[in-house]
Amino acid sequence: MLFSYGLEGNAMGLTARLTSSFHYLKFFFPLFLVSLSLYSLVHGLTPGWHLLWVIGGLVLLEFALGETEYNHDYQRPAVFVAMMYAYILLTLMLYLVFLWVLAFHFRGTDLLGLADAVYALTHTDMTEAHQGNSVASLLFYTLMVGTVGGAGAIGLGHELSHRTREPLATFIARVAGIPAAFTYYAIEHGPGHHITVATDDDSSTALRGESLYRYFLRTMPRDYRMAWDIETDRMRRLGLSKFSWKNRLLHGWAAEAALFLAVTWVSGFMGLLFFSLAALWTHFAYKLATYGQHYGITRVPGSEVKPHHAWDCANRFDFWLLAGGSRHTHHHLDGSVEFWNLENIPNAPRLRFGYLVTILAGTIPPLWYKLSTPQLIEWDEKWATPEERELADRANAKSGIPALEARSRQDDAAILYPESA
């Protein structure tokens, strides 16, 4: 009996430890992805058509794992902080190896003796692995680095940028953005997007009926302008010129310019082209996410940000994959809450599908409008205040989407002829 009880107790203890470990490890999925990307780049691996199976598998996981409202009480949050710094470090290593690939392909050089160092440590011959790189291979590496590296600059770098009481964290967030020309983000995001969310001044809110591609072209320059206005105002309050060297935006741009000049020096103009394409793809990937997070929502400028001013998502897999980014409503209610403590807000509008499906649908405008229009109509009826409903009606009238235009006409008729409404 005692022996049996001991075995049972050990089994229960092991189960408890495994369960506790899983609650932490589930957020390490991004770290796994960047490690896998680094391994693939070092070994010259390209998935070809197998990439479609990978994307399909991720979408299936999104559907299969369903939704969750669960919030774990984490006793060791330092684990997540260490994970974020580790991700940023691996991201910078990924960019270094990518630059090596470009220098080797276009100049035939072993940048910084990296291939020799890797061979000495792992017996992996990078020069042989990349001897026959095609343009298609280089394009795949470009998209991979732009996506996974961008996730470091945007996703986890974004988390660090909100740790405003820790100068090192915000500094690392800006450093992570240098290879993707994303240093403006840590400056603009908090005092820009979080203040103007769901208004016409917000460069992260897509207009109703606006395609992802028009949204990208319209808002990307506005991100930079917003960041410049924020720093200009900060310099004014400090009694300094907007061109003062204390302007953090100038720091970032100088660092980006220095890096891109170095890229040109070691890999030529063709290398610069691919490196710049990776940075551009990072910006596009960022807009892919924000397009779905804020599409079509309206708010009266200056009014309080409430739960219905961002689309929420309760998908379990997205919560792990995006380091809490799917619980976007809570993040906008309190940007200081760490990603592992974010909750699904009960009285918030939710996306009809998970983030991966939402993002894929966003790339096909007709499909996107078909899926998102019922979502917007529900938002207007269930969540909008009277003032927001008026703004939404104006947006519906300009949307070019027949169902939304019809809603606007119905509301106009109800105002003009209330007895027949």
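Read the figures in this text as sums done on the coordinates, not as results from a lab. All values derive from a computational prediction rather than experimental measurement. FYI the Cβ positions are ideal-geometry reconstructions off the backbone, even for glycines, and counts take in every protein chain you see.
Farthest towards the positive end of the charge dipole of segment 24-365, among the residues Val79, Leu322, Ile187, is the Cα of Ile187, using unit charges on the Cβ of Lys, Arg, Asp and Glu. Extension gain, Arg350 to Val300: 0.36 nm times the residue separation minus the Cα-Cα distance gives 16.0 nm. Over the residues of the chain, the helix contribution to mean residue ellipticity at 222 nm works out to -20500 deg cm²/dmol, using -39500 (n - 2.57) for each DSSP H run of at least 4.
Cβ-Cβ distance of Glu166 and Arg218, R₀ of 25 Å, FRET efficiency by 1/(1 + (r/R0)^6): the value works out to about 0.15.
Given their separation in residues at 0.36 nm each and the Cα-Cα distance between them, Leu60 and Thr124 gain 19.6 nm when the chain is fully extended. Extension gain, Tyr39 to Lys26, is 2.6 nm, computed as 0.36 nm per intervening residue step minus the present C-alpha separation. Applying both filters, DSSP loop and at most 11 other Cβ atoms within 10 Å, to the GluC sites (Glu not before Pro) of segment 53-87 gives Glu69.
Taken as entire DSSP H runs, the helices of the chain that both span 24 Å or more between Cα atoms along their own long axis and average 1.0 or more on the Kyte-Doolittle scale are 78-107.
When Lys287, Lys370 are arranged by Cβ crowding within 10 Å, least crowded first, meaning fewest neighbours, the order is Lys370, Lys287.
Of the GluC sites (Glu not before Pro) found in segment 261-366, the ones in coil according to DSSP and having at most 12 other Cβ atoms within 10 Å of their Cβ are Glu304.
Once both labels are positioned 7 Å from their Cα atoms along Cα-to-Cβ, the gap between Arg409 and Asp233 label points is 4.1 nm.
When the trypsin sites (Lys or Arg not before Pro) in segment 171-255 are filtered for DSSP coil states and for at most 15 other beta-carbon atoms within 10 Å of their beta-carbon, the remaining sites are Lys242, Lys246.
In the chain, which longest range has no chymotrypsin sites (Phe, Trp or Tyr not before Pro) that are both DSSP loop (not H, G, I, E or B) and surrounded by at most 14 other Cβ atoms within 10 Å?
Between exposed loop sites, the widest span is 246-421.
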